[in-house]
Amino acid sequence: MGEPRSIPDAALPLDLQHRDPKDMNSHVRVLFEDVFAEPEGSHSIPGVWRCAFRTYNGTKWFCYLLLSVLCAVPLSCCWGCDFACAQFYHVWNVTPCLRMCRMNMLCLQMFWSTIVRCVCEPLCETCALCFSHIRIKGKA
């Protein structure tokens with residue numbers, strides 16, 4: 001018997017109320033107030049302002065709805081393929097490559113630390129001993 005398989009994301013329950021739980025798209029949330037503002041002394045009549053508000057929101061809602069009906073499924077298919085390819089690439093190429101790099105860098109780290117201990121430490125210790133005997137006289 002093999003290991004139990006994980007549940008694919010498609011089988012998980014879908015929350016239709018909170019569709020951006022991680023707040024990933026807060027930068028595209030554009031309300032009427034974010035686009036239009038009339039400063040004091042430059043107000044249109046209330047009916048025009050209400051009509052502009054309804055027109056903006058209705059048009060934005062309708063266009064988004066139309067575009068999502070036409071494009072959401074094909075784009076989600078494309079993005080699913082893209083992320084599957086990226087995941088495959090990372091599992092079968094990037095992670096083994098990084099592992100190999102770490103293994104090889106360990107040898108380089110041991111070599112470099114030996115050079116530092118054998119060459120640089122005695123040199124620094126000698127300089128420190130030479131400079132430790134220097135005395136600076138203060139101003140009188």
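The values are calculated or read from the model by the stated rules, or taken from the named source; none is laboratory data. Everything numeric in this text was worked out from a predicted model, so none of it was measured. Here Cβ is always computed from backbone atoms with ideal geometry, including for glycine, and neighbour counts include all displayed protein chains. The area values use the complete protein model at the heavy-atom level, side chains included, leaving out ligands, DNA and RNA. Shrake-Rupley method; radii C 1.70, N 1.55, O 1.52, S 1.80 Å.
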**Item:** Residue among 88, 41, 64 farthest towards the positive dipole end of the stretch 14-106, charges placed on Cβ
**Value:** 88
**Prompt:** At a probe size of 1.4 Å, how large is the accessible area of residue 44, to the nearest 10 Å²?
**Reply:** 40
**Item:** Choice from 104, 57, 25 with maximal GNM fluctuation in the chain (Cα, 10 Å cutoff)
**Value:** 25
**Message:** Loop-only trypsin sites (Lys or Arg not before Pro) in the stretch 10-81, please: DSSP not H, G, I, E or B, and at most 16 other Cβ atoms within 10 Å.
**Reply:** 19, 22, 29
**Prompt:** Could you sort 65, 14 by accessible area so the largest value comes first, with the probe set to 1.4 Å?
**Reply:** 14, 65
**Most fluctuating residue given options 27, 43, 90, as computed from a GNM of the chain linking Cα atoms under 10 Å** = 27
**Asked** Looking only at 62, 83, 111, which one moves most when the chain is put into a Gaussian network model with springs between Cα atoms under 10 Å?
**Response** 111
**Asked** Taking 1 over the mean of 1/r across every pair of different Cα atoms in the chain, what Kirkwood radius in Å do you get?
**Response** 24.3
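Within the stretch 61-138, list the trypsin sites (Lys or Arg not before Pro) lying in a DSSP loop whose Cβ has at most 10 other Cβ atoms in a 10 Å radius.
Qualifying residues, ordered by number: 135, 137.
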**Asked** Nearest 20 debye, what's the magnitude of the dipole of the chain about its Cα centre given +1 on Lys and Arg Cβ and -1 on Asp and Glu Cβ?
**Response** 660
